[in-house]
Amino acid sequence: MTSLDAAISLSPHAMAAENRGFDPLIGRRLVAGVESGLLPHLHVVLAERGGETILESYGRGPDESWGKSLGEVAFDAGTLHDLRSVTKSVVSLLYGIALERGLVPTVDAPILNAFEDYSDLASDSERVKRTIEHALTMTLGLEWDESIPYTDPKNSEIAMELAEDRYRFILERPIVDAPGTKWTYSGGATALIGEIIQRGTGRTLPDFATEVLFDPLGIERFEWAAGKDGTHSPASGLRLTAPDLLKIGRLVLNNGTWEGRRVVPEAWIRASLMPHIRTADMLDYGYFWFLGKAPVAALGGPTDWVAGFGNGGQRLWICPKADIAAVIYSGNYNNWNAWIPPTRIWIEIILANLKTA
């Protein structure tokens, strides 16, 4: 096996899949999709229903960590992988935990209240209308453009990383829309939320995440990339194994509980997964979560799903009605068509092979 583009290593879960209501040939259909060339650049596919693994595959191929080449990697259950912007969805959970503990402001608070060091910006009556919720829903109404390749310093997230003061860079962007009216994809919005967590908790993001999220879930290994100023990236820096990211999917499916223990407030899960704004791709958006629908014959038609999306084809898919979570890791970085294979796997292989509700 030289590349997952040509073949995959498939762990046997046919009996579990059948017991959980799936066609037992679901794994073979994934193999056929890869071998046909319709599912290129895949590194890992892992899915569970009701806490039981129904699909698991690992391959081999080139990978990178936050843009740095790792060469050819043989993936398995212990391999750390970039989440890229799926990191944003994890940060949403961290904000909800910090909020319940009274460590961060409520979502209706003006975001500039958390950045008192920029009092000059707070003198602008229009800027103070931007709230924490507007950051969580990417509706700040500030100029931001990540449609430019991430290899280009004109990309707003890259420009933020290169700026002398990343938070001033974000907060002083020109106002282009009224807050809450238009969705604009923004790693800057996530950077603000991450910094508010750090200021409120007095902890770095990795330290706070370890205490309140990773340790409760038994996540022992992770990496969190940082910029040149040492700031860990809330927008794209987290690296987890596929089984550990799947635990986060199960946590969300369980409305914030893990093995009977409350980890994330249920009210925050509900608020995060509510549609707050429509995206440019006609999906809905919650608090750093994408929301959509897919046809699921076993469930009687269009069914809601929730997802964290990341550059290169990284996905955490969740279908609450079917109690299904899935993780997909890919190596198709900085390619705007990278969304196609993970979506095919989710809709045409996982959800389409569900036979019983």
Test of understanding: what is the full-extension gain from residue 259 to residue 109, defined as 0.36 nm times their sequence separation minus their Cα-Cα distance?
50.7 nm
Name the most mobile residue of 35, 116, 100, meaning the one with the largest mean-square fluctuation, in a Gaussian network model of the chain with Cα contacts below 10 Å.
116
What distance in nm separates the simple spin-label points at residue 344 and residue 274, each placed 7 Å from Cα in the Cβ direction?
3.8
When we measure straight from the Cα of residue 88, which lysines land under 28 angstrom away, once same-chain ones fewer than 8 places off are left out?
68, 129, 154, 182, 228, 247, 293, 321
For a quick protection proxy, order the peptides 255-264, 42-51 by their average other-Cβ count within 10 Å, most packed first.
42-51, 255-264
Relative contact order of the chain (C-alpha contacts under 8 Å, at least 6 apart) in percent is 21
Among 76, 281, 120, the residue with the largest mean-square fluctuation in a Gaussian network model of the chain built from Cα contacts under 10 Å is 281
Report the rotationally averaged projected area of the range 30-152 based on its alpha-carbon convex hull, in square nanometres.
12.1
Take each uninterrupted DSSP H stretch in the chain, measure its Cα extent along the helix axis, and return the ones at 18 Å or beyond whose mean Kyte-Doolittle hydropathy is at least 0.0.
86-100, 187-201
Just to check, using Stokes-Einstein with a Kirkwood Rh over alpha carbon pairs, what's the diffusion coefficient of the range 5-54 at 25 °C and 0.890 mPa s in µm²/s?
216
Student exercise, the range 58-123 dipole from Lys, Arg, Asp, Glu Cβ charges, in Debye to nearest 20:
220
Using a Gaussian network for the chain with springs between C-alpha atoms less than 10 Å apart, which of these wobbles most: 245, 192, 299?
299
Quick check: pseudo-label points 7 Å beyond the Cα along Cα→Cβ at residue 23 and residue 121, how many nm apart are they?
5.2
Semi-axes of the equivalent ellipsoid for the range 89-201, please: Cα gyration tensor eigenvalues, times 5, square-rooted, ordered largest first, whole Å.
21, 16, 14
Scoring only Lys, Arg, Asp and Glu (+1, +1, -1, -1) among other residues with Cβ under 9 Å from the Cβ of residue 309 yields +3
How many angstrom lie between the Cα centre of the range 284-339 and the Cα centre of the range 150-182?
26
Looking at the chain from every direction and averaging, what is the projected area of its Cα convex hull in nm²?
16.6
Could I have the simple spin-label model distance between residue 321 and residue 76, label points 7 Å from Cα toward Cβ, reported in nm to one decimal?
3.9
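FYI, it's all coordinate maths here, none of it is from the lab. Since the model is a prediction, treat every value here as computed from it, not as a measurement. Here the Cβ is made from the backbone with ideal geometry for all residues, glycine too, and neighbour counts use every protein chain on show.
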